[in-house]
Every structure is written in structure tokens, then in C-alpha cells.
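> Can you keep this structure in mind? I'll have questions shortly.
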Amino acid sequence: MSDKSKDNPPKAKAKSTPNTQSRVKKASKRKLIKILSLDGGGIRGIIPALILQEIEKKLKRKQHLAECFDMMSGTSTGGMIVLLLNMPDAHNTPKYRASDVISFYRNLGSFVFNQSWWHYLTTCNGWLSEKYPSDHLEMNLQKFYGNCRLQDALTNVIIPAYDISQDNYVFFKSDKSKLDLERDFYFKDIARATSAAPTYFKPAQIQDLARKKTYTLVDGGLGLNNPTMSACVHALKLFGRDNDFLVISIGTGINNPVTPGKLSFEGKNIDDGGKLEWAPSIVPVMMNATNEVVDYQMEEIFKNDKGTQKYHRFQVRLDAHHTAFDNASPENIKVLEGYAKELIQEKQADLTEIARLLDD
């Protein structure tokens, strides 16, 4: 009888080299990094608020959006929403739900975007000074945010504002605030800074909590109204590239001209506009200009990825008469809610899948 074991000796096990061990180790550590990004847009922030409420309703295991995301970013009104969702209560659990954010817009929008007849006359409706007094806004920021600090945020937060005294952007980052008091700020001051739209509100002057530096800041939406790319770059620094990413980016609506081909903004004709015609529209135009550019960049980055990298952009096209940042009339808010509900109905499958991924 022949000895087959000698003819066919058992194969030696492949040795595990340091490189293969490293690859296995890295693969096992991959996780899904979940990022939320919200555009600016004043009273139009009720649109992303309603979409977030729909996602929150679909959660099965988790209850609050702050439990679901590894990073949240927002500009202007989007930044205010992010801060509200990251407010801790006395038990260090989320104080506000998305439904509370909706109430904020329904009940307080007309109070914040409000000018007395005296203010209207003395400022010539914003031509000589800021269109709205800041005290109403600041009063409500104090009411909702109290003395909550950036280091208290329930998840990683990044919010931009523009420093007009230094000509550069300031990014409020919660991870940095935990390490350095000079990088820590009150929520109410961050919200005031990122929403200080030129001509609408006067610039915000705020201090870090170490009382070392004073900043003069205006709305981060001047160049970063859609902060999705900034959020992703910061997430790569925090979590590394060897992970999968789920990015949810929500807009507040873009202009749908009344007459195709006609140069108009918010229903106003600017075909042959000079300084006077452009002046009321230039700030909103600048803020909206980069929104879809960032969306294009994100689409290009994610489109060829066949793995688990996912990017979702939610945006509505608004009739020109409903694109104003400051039209907080009940009638306009109702119309904006209608736009949001149509989008929610259209994107039910996507929203259900997103909630499933966030629940994991």
C-alpha cells in the first residue's frame, strides 16, 4: 500500500505577515460614519426641520437624531437647528426633538423677523442700517440655548461664520472646544454669529470663553451656505479615511424663476440692474450661489463608489415669491411646509433607508 501522505504532503499554512495583519485589523475597524449637513436660508429652515422630523419618526431603536450622527454641520439657520438638536438636558440627553425645531419656526419666525414702524422709518427698511433689530433674535437665542457651551454638544459639531475683521472663516468645532477654552463658545453666540446675514442683522461681536479674543462675525453663508464639504473634510480628519460614510445634506430651497430665461430673483426683475436693483438681492444671491456647486462636487466624489459610501441631497425648487429669507408670515410658512411635504412624499424610500442605517 502506497503512503499517500508522503506523495501529497499537507499544504503549509500561509504565514501572517505584519502587512496582512494590519489589513485585517484595519478592515475589522471600519465603521459607518454618519454626517448631517444643513444649508442656511432663514425662515426656510422649516423645510429641513420637517425632513428631519420625518427621519426621526422612522427610527425604530433610537429616539433622537443626536444619537444617530457622528457629525452635524449647519450654516446660518442650519447651524441654529444643529445647535438645538445638540442641546443636552439635565440628564445629558437631547433636550429638543425635530418637532420642537418646527415649533421654533412656526411660532418665533415672525417675532425674530420683525421691525417696528420706528425702526422701519429710521433705517428706511434696511437701506441705512440693518433691516431688523438684533434684540429680538438675541432674546430668543438666550431662551433656547441658555448658557450651553460648545463643549457640551451631544455629538461632533462644526459651524462656520465669517470674520470680517480678519477676512477669514471661523469654524466652531466641538472637538476642539473640549481641549481648549479659547476654542469654546456659548451656543447662543455661535448661533448669533452664523446667522448674522449682512443687511438683515448687524454683525455679531463674541468672545471665546477664555476671554482672550473678540471676533466680529457675519453669516457663514456668504461662502459656505452649504457646509457639506467642510463637514466631510473635518470628518476625515477626525475619523480617518478607512471608514464608510453616509452623508445627508438638506437644503432650504432654490429659486425657480417665474418666467424661464428672465433674470429675476425673489420675483424682482434685475435684467438691467445697477447698484440699486442688485442691492436688495445680492446677499441672498451670494448665499445661494455655492449651494449646488457643493452638491455637484459631492456627487462627483461619491458617484463611482460601489461600496457602502452613500450621499443623499434633499432640495426643493421654490417659486420665486417664496424664496425670501425673512418672509415669516403664516401664509408663507404654510407654503414652505407644503414644499417640504411634497419632497418627503417623493423621497419616502430614501428616508426609510436612511432611518434604517441611522438606527444601526
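The values are calculated or read from the model by the stated rules, or taken from the named source; none is laboratory data. In this text, all values refer to a predicted model and were calculated from it rather than measured experimentally. FYI the Cβ positions are ideal-geometry reconstructions off the backbone, even for glycines, and counts take in every protein chain you see. Side chains included, ligands, DNA and RNA excluded: accessible areas come from the protein's heavy atoms. Shrake-Rupley method; radii C 1.70, N 1.55, O 1.52, S 1.80 Å.
> Can you give me the number of residues within the range 149-177 that are in a loop (DSSP other than H, G, I, E, B) and either farther than 20 Å from E67 by Cβ or not hydrophobic (A, V, I, L, M, F, W, C) (or both)?
5
> With respect to the numbered conditions (1) of a type in the set (F, W, Y); (2) closer than 28 Å to A340 by Cα; (3) at pLDDT below 95, which one is the sole condition not fulfilled by F187?
Going through (1) of a type in the set (F, W, Y); (2) closer than 28 Å to A340 by Cα; (3) at pLDDT below 95 one by one, F187 breaks only (3).
> May I ask you to list the residues in the range 156-184 that are open to solvent by 10 Å² or more (accessible area, probe 1.4 Å), hydrophobic (A, V, I, L, M, F, W, C), over 24 Å from D326 (Cα atoms) and in contact (Cβ under 8 Å) with a residue 24 or more places away in the chain?
The answer is V170, F171, L181.
> Does L108 qualify as being farther than 30 Å from L236 by Cβ and modelled with pLDDT under 90?
Yes: the conditions hold for L108.
> Please find, within the range 25-82, the residue that is surrounded by the fewest Cβ atoms within 10 Å (Cβ to Cβ) out of those that are among the hydroxyl-bearing types (S, T, Y) and within 30 Å of E331 (Cβ to Cβ).
S37
> Check every one of the helices (runs of 4 or more DSSP H) wholly within the range 24-113 and list those with 2 or more residues that are among the charged types (D, E, K, R) and over 19 Å from G220 (Cα atoms).
Qualifying helices (runs of 4 or more DSSP H): 46-58, 98-112.
> Another question, if that's okay. If I ask for residues that are open to solvent by 40 Å² or more (accessible area, probe 1.4 Å) and closer than 21 Å to K57 by Cβ, which ones from the range 316-352 would you list?
K334, Y339, K341, E342, Q345, E346, K347, Q348, A349, D350, T352
> Out of curiosity, is K143 modelled with pLDDT under 95, open to solvent by less than 60 Å² (accessible area, probe 1.4 Å) and basic (K, R)?
Numbers: modelled with pLDDT under 95: yes; open to solvent by less than 60 Å² (accessible area, probe 1.4 Å): no; basic (K, R): yes.
The answer is no for K143.
> Would you tally the residues in the range 342-358 being of a type in the set (D, E, K, R) and more than 11 Å from E54 (Cβ to Cβ)?
Summing the residues that are of a type in the set (D, E, K, R) and more than 11 Å from E54 (Cβ to Cβ) in the range 342-358 gives 4.
> Also: How many residues does the range 97-109 hold that are open to solvent by 10 Å² or more (accessible area, probe 1.4 Å) and either of a type in the set (G, A, S) or without any contact (Cβ under 8 Å) to a residue 40 or more places away in the chain (or both)?
5
> Considering only the range 339-360, state which residues are closer than 17 Å to T252 by Cα, among the hydrophobic types (A, V, I, L, M, F, W, C) and in contact with a Leu (Cβ under 8 Å, 6 or more places away or on another chain).
The answer is A340, I344.
> Among what's in the range 225-256 and is of a type in the set (S, T, N, Q) and open to solvent by 20 Å² or more (accessible area, probe 1.4 Å), pick the residue that is modelled with the highest pLDDT. Full working, then the answer.
Here is the first cut: in the range 225-256, the residues of a type in the set (S, T, N, Q) are 225-226, 228, 230, 243, 249, 252, 255-256.
With open to solvent by 20 Å² or more (accessible area, probe 1.4 Å) added as a condition, the list becomes 230, 255-256.
On the way: S230: 96, N255: 77, N256: 63.
If we take residues in the range 225-256 being of a type in the set (S, T, N, Q) and open to solvent by 20 Å² or more (accessible area, probe 1.4 Å), then S230 is modelled with the highest pLDDT.
> Six or more apart or on different chains, Cβ under 8 Å: which pairs go from a residue in the range 227-254 that's within 19 Å of A161 (Cβ to Cβ) to one that's among the acidic types (D, E) and open to solvent by 10 Å² or more (accessible area, probe 1.4 Å)? Could you list them?
Sorted first by the residue in the range 227-254, then by its partner, the pairs are T228/D295.
> Sticking with this structure for a sec: Residue by residue through the range 185-210, note down the ones that are open to solvent by less than 60 Å² (accessible area, probe 1.4 Å) and among the polar types (S, T, N, Q).
Scanning the range 185-210 gives T194, S195.
> Now a separate question. Within the range 32-71, count every residue that is of a type in the set (D, E, K, R) and within 11 Å of the chain's Cα centre (by Cα).
Qualifying residue count for the region: 1.
> For the range 70-84, indicate whether the set of residues that are acidic (D, E) and either modelled with pLDDT of 95 or more or within 23 Å of R149 (Cβ to Cβ) (or both) is non-empty.
yes
> Taking the criterion of being at pLDDT 95 or above and either among the aliphatic types (A, V, I, L, M) or closer than 30 Å to L358 by Cα (or both), would at least one residue in the range 126-135 satisfy it?
No; the residues of the range 126-135 include none that is at pLDDT 95 or above and either among the aliphatic types (A, V, I, L, M) or closer than 30 Å to L358 by Cα (or both).
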